[in-house]
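Notes for the one structure printed next.
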Amino acid sequence: MKKRYTEEQIIGFLREADKGIALKELCRKHGFSEASYYLWRGKYGGMEVSDAKRLKTLEVENGRLKKLLADSMLENEVTREALRKKW
C-alpha cells in the first residue's frame, strides 16, 4: 500500500530526524522507507512549510508554461510546413 504525505508532514518528519530521533525508528513509526527519507531530505531539506507550498505553486506554473511553449512551437511548425507546401 503506497501512502502519500503532504509537504507539511514531510517537513515535520525531517524536523523530527534533526532533533535526534533514530532514522530507523522514525521510518517505522510513520511508515515510510529510508530511501523516501533521503529523497525528501534532498528535496525539502532546510525548507519551511511556506517554502514548500511556494515550490509546489512554482512547479505547477512551470508545467503550465512549458505546455504553452510546446503548443506555440507546434503551431509555428505547422504554419511553416503549410507555407512550404504552398510555394
Kindly evaluate Lys67 against the criterion of being touching a helix residue (DSSP H, G or I) at 6+ places or on another chain (Cβ under 9 Å), surrounded by 10 or more Cβ atoms within 10 Å (Cβ to Cβ) and basic (Lys, Arg).
no
Filtering segment 48-87 for residues that are outside any helix (DSSP H, G or I) and under 16 Å from Asp18 (Cα atoms) leaves a count of 1
Go through segment 1-47 and count every residue that is assigned to a loop (DSSP other than H, G, I, E, B), surrounded by 11 or more Cβ atoms within 10 Å (Cβ to Cβ) and either in contact (Cβ under 8 Å) with a residue 12 or more places away in the chain or touching a strand residue (DSSP E or B) at 6+ places or on another chain (Cβ under 8 Å) (or both).
4
Filter segment 14-47 down to the residues that are touching a helix residue (DSSP H, G or I) at 6+ places or on another chain (Cβ under 7 Å) and charged (D, E, K, R) and list them by number.
Glu16, Glu34, Arg41
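Readers should treat all values here as calculations from the given coordinates under stated rules, not as data from a laboratory. If you're wondering where the values come from, they're calculated on a predicted model, not measured in any experiment. A quick note on method: Cβ atoms are made from the backbone with ideal geometry, for glycine too, and the neighbour counts reach across all protein chains shown.
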